[in-house]
Amino acid sequence: MGTPIRYVSANKAEVLELLNSGGRPTEQQAEVLARVRPTAVALEERLVRQGVRSEPPVPEALEQLLAGQVDLTGPADGIAYKRALQLLLAQSGSDVGLLGGYRRPVQWFARVDDELKAAGVPAELLPFHALFGGPPAGFPDLGVSPDGHPDTGCFPLERSGAARDAYRAAAPLVDPECRADVEALAELFDVEDDSWRYGVEHFAHYSDTLFFLIG
């Protein structure tokens, strides 16, 4: 399958408030934490069974993340913190979806970016930065993966309709090898645009950011 790329939509400000709660979560935040803590334990247990160990363990990394005590010095390489952040995003937002699995995702989407750029898609709508550009401003700095790119990316949902339209227009013009992924991204942005518009019209709090989770 290669490296999976998952996605989840969430309210950026609410996730940031949770990260900055300093151990004093609101009732709603406590409900999120009650869901995410068991998933962190389960993930760590699964990793150990697979012979994969991280420093610190994922549950500990989650607590450090929530306490604002991320430490990337010494043996910590940031992977456990990235896993903890991905779990937190997944529990804070919508159901997690799978974009696909990619053998060399960074190199592949650099090529997709070039194809879309050549087809006239504006720079602010290209997928590479959305996938590998890191979380929004104010989120903790968790370093980069071995290939030099963050394992988390984001895209503002207010642009999802424009991205859908641009990708659909570009799809016939890109290399046929890239077309299926361009069409998949267009479909994803179409669904997310509908959800975002419904949220804007009907709710005081709604998902405004699409997060991409690599690995």
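Here, each number is a calculation from the coordinates, and none is a lab measurement. Please read all numbers here as calculations on a predicted model, not as lab measurements. Reconstructed Cβ throughout: ideal geometry from the backbone, glycine too, with neighbour counts over all protein chains shown.
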Yes/no for L173 being farther than 14 Å from L99 by Cβ and touching a strand residue (DSSP E or B) at 6+ places or on another chain (Cβ under 7 Å)
no
In this structure, does V191 turn out to be assigned to a helix (DSSP H, G or I), free of Cβ contacts under 8 Å to residues at least 12 places away in the same chain and of a type in the set (A, V, I, L, M)?
yes
Exclusive hit being within 18 Å of F189 (Cβ to Cβ), in contact with a Gly (Cβ under 7 Å, 6 or more places away or on another chain) and either free of Cβ contacts under 8 Å to residues at least 12 places away in the same chain or buried (at least 16 other Cβ atoms within 10 Å of the Cβ) (or both), set F132, F155
F132
I'm checking my understanding of the structure. Among residues of segment 160-200 that are over 19 Å from W108 (Cα atoms) and within 16 Å of the chain's Cα centre (by Cα), which one is surrounded by the most Cβ atoms within 10 Å (Cβ to Cβ)?
F189
Matching option when the condition is more than 25 Å from S195 (Cβ to Cβ) and of a type in the set (K, R), among R53, R35, R6
R53
Can we say Y7 is closer than 29 Å to S160 by Cβ, touching a residue at least 40 places away in the same chain (Cβ under 8 Å) and outside any helix (DSSP H, G or I)?
yes
Of the numbered conditions (1) without any contact (Cβ under 8 Å) to a residue 40 or more places away in the chain; (2) surrounded by fewer than 17 Cβ atoms within 10 Å (Cβ to Cβ), D95 fails exactly one; give the number of that condition.
(1)
Could you tell me whether any residue of segment 56-70 is without any contact (Cβ under 8 Å) to a residue 40 or more places away in the chain, assigned to a loop (DSSP other than H, G, I, E, B) and of a type in the set (D, E)?
no
What are the residues in segment 98-112 that are surrounded by fewer than 16 Cβ atoms within 10 Å (Cβ to Cβ) and not aliphatic (A, V, I, L, M), if any?
G101, R103, R104, Q107
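So that you can scan it fast, the table gives a plain yes or no per residue for (1) within 16 Å of D151 (Cα to Cα); (2) surrounded by 14 or more Cβ atoms within 10 Å (Cβ to Cβ); (3) without any contact (Cβ under 8 Å) to a residue 24 or more places away in the chain:
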| position | (1), (2), (3) |
| --- | --- |
| E14 | no, yes, no |
| R46 | no, no, yes |
| K82 | yes, yes, no |
| L89 | yes, yes, no |
